[in-house]
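Right, one structure below, let's go through it.
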């Protein structure tokens, strides 16, 4: 069993978050300066969907994109925060 490597875990989780941010169109220079709010607000602005009961299929697709990206970015952001706190707490 190998020892937990803080640096490689943080690097892996940061890369995972960066992949979602690239999908949203953020560049390398922006990755260290954006907040989770910036990313979530961009998703909300870009993937706007109707909240009606019977919505067309395209609206359903947009809604799923919004939900999926939001959940995954929040989860990836949380993972990076946990990994960085573990690294700094030791």
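Values in this text are rule-based calculations from the coordinates and carry no lab data. Since this is a predicted model, take the numbers as computed values, not measurements. FYI the Cβ positions are ideal-geometry reconstructions off the backbone, even for glycines, and counts take in every protein chain you see.
Worth a mention:
- Per residue, the average separation of C-alpha pairs within less than 8 Å and at least 6 apart gives segment 8-90 a relative contact order of 45 percent.
- Potential lengthening of the chain between residue 46 and residue 8 amounts to 10.4 nm, from the contour at 0.36 nm per residue minus the alpha-carbon distance.
- Least to most buried among 22, 4, 47 (fewest other Cβ within 10 Å first): 4, 22, 47
- Burial ordering of 20, 26, 78, fewest other beta-carbon atoms within 10 Å first: 78, 26, 20
- Cα-based helix-to-principal-axis angle, 57-89 vs the chain, degrees rounded to 10: 20
- From least to most packed, judged by other beta carbons within 10 angstrom and beginning with the fewest, 61, 77 follow the order 61, 77.
- Cα-based helix-to-principal-axis angle, 36-46 vs the chain, degrees rounded to 10: 20
- Degrees between helix 6-23 axis and first principal axis of the chain (Cα, 0 to 90, nearest 10): 20
- Using every pair of distinct Cα positions in segment 6-89, the Kirkwood expression returns a hydrodynamic radius of 14.0 angstrom.
- Cβ-Cβ FRET estimate between residue 86 and residue 29, R0 fixed at 30 Å, reported to 0.05: 0.65
- Two-site FRET efficiency, residue 72 against residue 1, from Cβ-Cβ distance with R₀ of 35 Å, rounded to 0.05: 0.75
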